[in-house]
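Peer 1: The structure follows.
Coordinate-derived values only; no laboratory data. No experiment lies behind these values; they were computed from the predicted model shown. Here Cβ is always computed from backbone atoms with ideal geometry, including for glycine, and neighbour counts include all displayed protein chains.
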Amino acid sequence: MDQLTKYLDKEIPNVENFEREEEEEEEEEDDADEDQEDGQDDWDDWNADEEEGEEAFDSNFLCLFCNSKYNDCNVLFNHCNSVHYFDFHSIRKDLGLDFYGSFKIINYVRSQVAENRCWSCGLSCQSNLDLQHHLHKILNLNDIKALWDDDKYLKPFKQNDPLLYSFAEDEEDDDETTRENLPFHANQNQKNGMEDCTSASHGYLNAASSLEAKIENTVETTKTLELKYDVQEDNQLKIARQIFDRNDIKNANENYFGSYGSFGIHREMLSDKVRMEAYMKAILENPSLFQNAAVMDVGCGTGILSLFAAKAGASRVIAVEASEKMAAVATQIVEDNGLWRNRKQTRECGVSSGIIEVVHGMVEELDKSIEIQPHSVDVLLSEWMGYCLLYETMLSSVLFARDRWLKPGGAILPDTATILVAGFGVGGTSLPFWENVYGFRMSCVGKELVKDAAKAPIVDIVDANDLVTSPAILHTFDLATMRLDEVDFTARTELEPNLHNPSNNSNSVEVEASWCHGVVLWFETGFTSRFCKESPAVLSTSPYTPKTHWSQTILTFGEPIAVASRKSVTNISAPVGSHACPAIKLHLRLSIARAPEHRSIDISLETTGIAGDGRKRHWPVQLFTLR
Ligand code: SAH
């Protein structure tokens, strides 16, 4: 299974489990090494405690389609409706489903989703994410109601599924007396949204007494769960709540493509010299690739890459753009430059005039707009990269286009994308600014900002002089071969303190400790010699090269970690990462996964400091959402 599914299947790590560890147990180290050897960069060890607790009862209402969890079933059903086109309440109402019918449909849907199958049309998808993209509205419920009309769906598909106890509440709503007799009262739990779970369990008891024992279990465990919620509130539920607070995917798309309708963004991109030079080099200086080629430009914006492709000798360029406004603008620009290809005329006379045709629509729906043979494109061009490379999630659209229209062996530009990382010092934070503002100390503001920065990524420029470790590659995507489910990944890497870091303020041979305040991420895309044989190119957004509109992405530690070279003296009684015992290496484990909130990404960061004497110290896992 893919990393995302791993991510989805697991709880977000319990921060409590990651209290500082001053002394390192050998065992843990061995486990970590084993994990690495097996290539199991998974989240298992984050969840040990959680999973023990889970056996008794799963506290949250788990979405039927994704791994979002809610502590209120109504919120969950709203989410299912707005994000996954599953309107439980309408289905119940329209089909007049009774308790058992409702029970069955939930188990039925869960059973289908577990096999990545669409619950309504039966289509089998390759992954849960593909399924989520596929889910659609139901035209006629009556046509499909027989699908779950089987007593086998009376058996809970998910053990201790609180959702199964939730909807009975509607039927029992008026029966206040009975509700009050429950050992747990709704209002006792209101704070944590447990109302539905407990009161509904009462309905369930009436309906299916054979499961009484389980319900009692539910009530028993509720108190424990309440405590757990407090801990999880800050991480997992926050992410889940955002989905509810935000609009659904459709709205997210509308906002997203709408935002590309603003000329300011296009001007910014067109003025980004680093970006433009890399694309120009790759397109204009590789004539053998473009001469007489059929090219597709995914997300053409103003059409600039298509214009380059036409200039480079392409015989036909299909420029696809989802923003209505930009598709119209690109059409005008192409016409104004005498490159418009008239589809109708071309079909009628059999002779093509012009090179570029602009098609309005999402590339995923291109078939609806034009006739284009599968696997007929020689070169697939796109500038899809977002902040931290993966924000915007446009990569999935490019991969979709690649799989559908690129010829076998065809070129995709760029063809590699690499995420890199390095540690930064105090200069990468806002602390120095607030230390002295026109002669006054305003450090309290800086401290507060740094505290906030440990919870949310910051997109900003980091000066190479402020890096206190060497850079390291975190992850590389091969865009010609990668699968869609590989977009989410977990990677480990190691950072070594910079020996010649100017911010050390030290001229002595003995290198002193620097404070590492966090890590900065950036990306590079390659137009490698695999396809760009005459003139390969690289687009780098690193702190070492001229800045781009992507800046860098800053992940700030909860507290700074002292780092130094091997030569530094170590005080073995001092904690690793303190000034007296700086870390000589930082191990990172970093995951990036598409967030449930469409087009956002979740980042998790685990940091381990290694002292000169081999001692290790883990810092609590940090979760960031870039949105
Ligand atoms: N190629 C242009 C614009 C890049 S910005 C340039 O290099 O200047 C990305 C563009 O892709 C935006 O205009 C956005 O509206 C469009 N886009 C994003 N996802 C898309 C999709 N799935 N189908 C079609 N266009 C898309």
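Peer 1: Can you give the FRET efficiency for residue 152 and residue 121, using 1/(1 + (r/R0)^6), R0 = 22 Å, r = Cβ-Cβ distance, to the nearest 0.05?
Peer 2: Once rounded, the FRET efficiency stands at 0.60.
Peer 1: Give me Rg over Rh for region 250-324, both radii from the alpha carbons and Rh done the Kirkwood way, two decimal places.
Peer 2: 1.03
Peer 1: Report ³J(HN,Hα) in whole Hz for each residue of region 275-288, in order, from the Karplus equation J = 6.51 cos²θ - 1.76 cosθ + 1.60 where θ = phi - 60°; Gly and Pro get x.
Peer 2: 4, 5, 5, 5, 5, 4, 4, 4, 8, 7, 9, 10, x, 5
Peer 1: Considering all projection directions equally, how large on average is the shadow of the alpha-carbon convex hull of region 512-622, in square nanometres?
Peer 2: Answer in nm², one decimal: 10.2.
Peer 1: Still on this model: Taking amide H atoms as placed 1.01 Å from N in the peptide plane, list the residues 5 or more away in sequence, or in a different chain, whose amide H sits under 5 Å from that of residue 585.
Peer 2: Amide H to amide H, under 5 Å and 5 or more residues apart or across chains, residue 585 pairs with 610.
Peer 1: From the cross-link list 104/158; 451/585; 447/547; 547/585; 281/533, which pairs have alpha carbons spaced over 20 Å apart?
Peer 2: 451/585; 447/547; 547/585
Peer 1: Explain nothing, just compute: Karplus ³J(HN,Hα) = 6.51 cos²θ - 1.76 cosθ + 1.60, θ = phi - 60°, for every residue of region 64-77 in order, whole Hz, x for Gly and Pro.
Peer 2: Once θ is set to phi - 60°, the couplings for region 64-77 become 6, 10, 10, 9, 5, 10, 10, 9, 9, 5, 5, 5, 4, 5 Hz.
Peer 1: Estimate the FRET efficiency between residue 494 and residue 613 by the formula 1/(1 + (r/R0)^6), using the beta-carbon distance for r and 22 Å for R0, to the nearest 0.05.
Peer 2: 0.80
Peer 1: Can you tell me the Rg and Dmax of region 265-383, counting just the alpha carbons, in angstroms?
Peer 2: So, for region 265-383, Rg and Dmax equal 13.5, 42 Å respectively.
Peer 1: Using a 7 Å offset from the Cα along the Cα-to-Cβ direction at both residue 373 and residue 342, what is the distance between the two label points in nm, to one decimal?
Peer 2: Placing both labels 7 Å beyond Cα along the Cβ direction yields 2.5 nm.
Peer 1: Please get the size of the charge dipole for region 417-626, origin at its Cα centre, with Cβ charges of +1 on Lys and Arg and -1 on Asp and Glu, quoted in debye to the nearest 20.
Peer 2: I would put it at about 260 debye.
Peer 1: Which one, 80, 118, 162, is farthest towards the positive end of the dipole of region 61-176 when Lys and Arg carry +1 and Asp and Glu -1 on their Cβ?
Peer 2: The one lying farthest along the dipole's positive direction is 118.
Peer 1: I would also like to ask the following. Under a 5 Å amide H to amide H cut-off, with H placed in plane at 1.01 Å, what residues pair with residue 455 once short-range neighbours are removed?
Peer 2: Those qualifying (amide H under 5 Å, at least 5 residues apart or on another chain) number zero.
Peer 1: Note the per residue figure in Å³ for the convex hull of the C-alpha positions in region 335-470.
Peer 2: 192
Peer 1: Just need log10 I(q)/I(0) for region 417-626 at q = 0.10, 0.11, 0.18 Å⁻¹, Debye formula, equal scatterers on the alpha-carbon atoms, no solvent, rounded to two decimals.
Peer 2: Normalising to I(0) and taking log10 leaves -0.47, -0.56, -1.32.
Peer 1: For region 61-176, report the convex hull volume of the alpha-carbon atoms normalised per residue, in Å³, without decimals.
Peer 2: 105
Peer 1: Which net charge results when you count Lys and Arg as +1 and Asp and Glu as -1 among the other residues whose beta-carbon is under 13 Å from that of residue 424? Walk me through the intermediate numbers first.
Peer 2: Values: positive: none; negative: 460, 463, 466.
Its environment carries a net charge of -3.
Peer 1: In what sequence do 548, 528 fall when counting other Cβ within 10 Å, fewest first? Don't skip to the answer; put the middle values down first.
Peer 2: On the way: 548 22, 528 18.
The fewest-first ordering by Cβ neighbours comes to 528, 548.
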